[in-house]
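Scroll down for the structure; my scribbles are underneath it.
Values in this text are rule-based calculations from the coordinates and carry no lab data. A quick note: this is a predicted structure, and the numbers were derived from the prediction, not measured. A quick note on method: Cβ atoms are made from the backbone with ideal geometry, for glycine too, and the neighbour counts reach across all protein chains shown.
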Amino acid sequence: MTDQTDDKELLFLFKEEATKESAFTRIIKKYQEKLYWHIRRLVINHEDANDVLQNMFIKVWKGLDNFREDSQLYTWLYRIATNESLTFLQQQKKRRSVSLSDDESFLSNKLVADKDFDSNKLEWKLQLAIQKLPERQRTVFNLRYFSEMPYEEMSRVLETSEGSLKASYHHAVKKIEDYIINR
Amino acid sequence: MQKSPSIYNELKELNSPLADIPATNVFTVPEGYFDVLSLDIMQAINEYRIEELNIPALERNVPEGYFDTLADEVLRKIRRSDTAPAMEEEDGFLASVRKINVFTVPENYFEGLATGIVAQVSPKQPARVIAMTNRFSIFKYAVAAGITGIIGLSLFTQFDKKTAAELVAQVTLIPANQDQSELIKNAGEIIRNDSFDKTLEALGDEEIVGYLKNNGEDINAAMVASVTDEKTLPNEDAYFTDEKTLDNFLNEQHIVQISNN
C-alpha cells in the first residue's frame with residue numbers, strides 16, 4: 001500500500017525535526033516499489049538492486065533538505081535512481097575488468113544467472129533483447145514500456161528532449177523485434 | 001500485465017509485435033521484501049547519522065569547561081616561558097638536574113679547529129712552479145712567431161721593390177756577383193713553372209742557416225716558424241701544466257738548438 005499523501009506535505013514534515021524520520025519513512029514507502037523495479041530492470045540482480053536502492057535513499061536523506069521544490073519529488077527520485085544504477089553498473093564492470101567486447105554479454109549473463117530464467121519463454125527473450133541495447137536506449141525502453149512514464153516526465157528525469165526520447169524508444173523497439181524474430 | 005492504452009497504441013503505430021506481448025515482470029523479490037524495506041533503509045540512515053555524529057565526538061570527550069579556560073591556560077604558559085624555561089616549570093625531575101656538560105674536548109681544540117679544517121680541504125699537492133728558464137722558452141717561442149711574421153711581411157713588401165731575379169737570388173743564396181742575365185733567366189724559369197715553393201724545399205738546412213746568419217736573423221725562431229703549422233701547436237694551458245711542453249714539442253719537430261754564433 002502506497003502513501004497517497006501529497007509530496008509537498010511530506011517534504012514539509014521532513015523539514016521538521018520531530019517528524020523528519022516518519023516523513024522520510026513515508027516517502028520510502030510511497031516510492032520504494034516503483035524505484036526498486038526501475039533499478040532492478042537496469043541492474044538485473046536483486047542484491048544489486050537492493051544495494052543501489054538503499055544507497056540511493058541515503059543520498060536522498062542527505063540531499064532532501066536542499067531539494068528545490070520547483071521540480072517534482074517523483075522526478076528527482078527517478079533521476080537519482082537512474083544515475084545510481086548506471087554508476088553502479090559502470091563500477092561493477094570496472095571491478096570485474098569487463099572488456100568492451102564483453103560489455104554486451106555482461107548484463108545477459110546476469111540475466112541468465114537468475115533462478116527463474118527460462119529462455120523458452122517470450123518474456124525472458126524480451127529481457128535478453130533489452131540487455132543487448134545500448135545503455136541509453138535500454139533506460140528509455142524500460143521507463144516507457146514497463147514504468148509507462150510519459151515522455152514529458154521522462155524528459156525531466158533524463159534531462160533530454162521528448163523528441164530524442166521518442167527516437168530512442170523507436171530504435172529500441174525495432175532492435176528488440178529483430179532480436180526476438182531472428183532468434 | 002496489461003499495457004496501458006497509450007503504450008499499446010504507440011507500439012501499434014510502430015507496427016511492432018511487442019504490442020501483443022504482455023509486459024510481464026519476470027523478476028521476483030524475496031517474500032515480504034517491501035514490507036521491511038523502509039525499516040532497513042531507515043536503519044542504514046541511522047547508522048550513517050551515528051557515523052556523522054561521531055565526527056565531533058572529540059568535542060564531547062574533553063573535560064567539562066575545557067574550552068572556557070583554554071585561552072587563559074595558553075596565556076599563562078606563554079607568560080611562564082618568558083620568565084623561566086618551560087621545562088623546569090613543567091617537569092620537576094628535569095628541573096632538579098643541573099645542566100652540566102659531562103663531555104670535554106682537548107685543550108685549545110676550538111682555537112685550532114678552523115685552521116685544521118682549512119688545511120684538510122686545501123689541495124695536498126703543492127702548486128706547480130714553472131721555472132723562469134722554461135717561461136723564457138715560451139717567450140722565445142712567442143717572439144719567434146713575431147719575428148717570423150716580420151720576415152714574411154718584409155719579404156712581401158720587398159717583392160714589389162726587388163725584381164724577381166734579385167729575390168730568388170737572395171733566397172737561393174746565389175752570389176751577388178753572379179751573372180745577372182743568368183739570374184734573370186733562372187728566375188723567369190721559376191716564375192713560369194710556379195716552382196717557387198719547390199725550389200725553397202730543395203734548399204738544404206745549411207744553406208738556409210747560412211742565409212739567416214748572414215742576415216742576422218734568429219735561427220731558432222725561423223726554424224720553428226718554418227716547420228710548424230699553427231694547428232699543431234700545443235694548447236696554451238699545456239705550457240702551465242707541464243713545464244716540458246715546449247721542449248717536447250720542439251723535439252717532435254726535430255728542431256735542435258742552433259747557435260747564431
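Quick one: in the stretch A:106-127, which of the residues that are aliphatic (A, V, I, L, M) and within 22 Å of A:F88 (Cα to Cα) is nearest to the other protein chains (Cβ to nearest Cβ)? Break it down stepwise before answering.
Of all residues in the stretch A:106-127, those aliphatic (A, V, I, L, M) come to A:107, A:111-113, A:122, A:126.
Next, from what is left, pick out any that are within 22 Å of A:F88 (Cα to Cα): A:107, A:111-113.
Working: A:L107: 13, A:L111: 9, A:V112: 12, A:A113: 12 Å.
Result: A:L111.
If you go through the stretch B:12-27, how many residues are more than 7 Å from chain A (Cβ to nearest Cβ) and free of Cβ contacts under 8 Å to residues at least 12 places away in the same chain?
The qualifying residues number 4.
Tell me the residue from A:R96, A:R144, A:R79 that is among the basic types (K, R) and within 14 Å of another protein chain (Cβ to nearest Cβ), please.
Values: A:R96 fails: within 14 Å of another protein chain (Cβ to nearest Cβ); A:R79 fails: within 14 Å of another protein chain (Cβ to nearest Cβ).
Of the residues listed, the single one that is among the basic types (K, R) and within 14 Å of another protein chain (Cβ to nearest Cβ) is A:R144.
Hey, could you check the stretch B:28-47 for residues that are small (G, A, S) and within 7 Å of another protein chain (Cβ to nearest Cβ) and say which is surrounded by the fewest Cβ atoms within 10 Å (Cβ to Cβ)?
Taking the stretch B:28-47 as the starting set, the residues that turn out to be small (G, A, S) are B:32, B:38, B:44.
When the remaining residues are screened for being within 7 Å of another protein chain (Cβ to nearest Cβ), the result is B:38, B:44.
Values: B:S38: 18, B:A44: 15.
Within the stretch B:28-47, the match that is surrounded by the fewest Cβ atoms within 10 Å (Cβ to Cβ) is B:A44.
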